[in-house]
Amino acid sequence: DLLKSNYLRMTCLMQLKDYRAVVDIAFQSLQRARTQDDLLSLMYAQAEAFIKLDLISEARLTLEKIISIDSEYRLSRQRLEKLNEI
């Protein structure tokens, strides 16, 4: 339940454009992730927040980790390709 509530908070904070808070909550929540789906969802939200904060190298690393776990997860590969064009 804590992970679900944290993910909901992260979604709300993304809407409020408080990307630093999203990154912080993701770091805390990743330690508690039990399933691969939880881990990937948190990492993807974290990568999106990194992109919004213009922390491109951190976003790249996070997306690469996601792809190493599940190469078909959401649009991770396409997001990484776009970042590599920058």
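The values are calculated or read from the model by the stated rules, or taken from the named source; none is laboratory data. In this text, all values refer to a predicted model and were calculated from it rather than measured experimentally. Please note: Cβ atoms are built from the backbone with ideal geometry, for glycine as well, and neighbour counts cover all protein chains shown. The area values use the complete protein model at the heavy-atom level, side chains included, leaving out ligands, DNA and RNA. Shrake-Rupley method; radii C 1.70, N 1.55, O 1.52, S 1.80 Å.
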Near pairs, Cβ below 7 angstrom, 6+ apart or cross-chain, from the stretch 63-86 (over 14 Å from Ser41 (Cα atoms)) to any residue that is hydroxyl-bearing (Ser, Thr, Tyr): Arg77/Ser71
Of the criteria (1) open to solvent by less than 100 Å² (accessible area, probe 1.4 Å); (2) modelled with pLDDT of 95 or more; (3) not in a helix (DSSP H, G or I), which one Lys17 fails: (1)
Per-region count, the stretch 61-86, residues in a helix (DSSP H, G or I) and either closer than 22 Å to Asp37 by Cβ or in contact with a Cys (Cβ under 9 Å, 6 or more places away or on another chain) (or both): 14
Qualifying positions in the stretch 44-68 - surrounded by 21 or more Cβ atoms within 10 Å (Cβ to Cβ) and of a type in the set (A, V, I, L, M, F, W, C): Ala45, Ala47, Ala49, Phe50, Ala59, Leu63, Ile66
Long-range neighbours under 9 Å by Cβ, at least six apart or interchain, first residue farther than 14 Å from Ile66 by Cβ within the stretch 23-36, second exposed (fewer than 12 other Cβ atoms within 10 Å of the Cβ): Ser29/Leu2; Arg32/Leu2
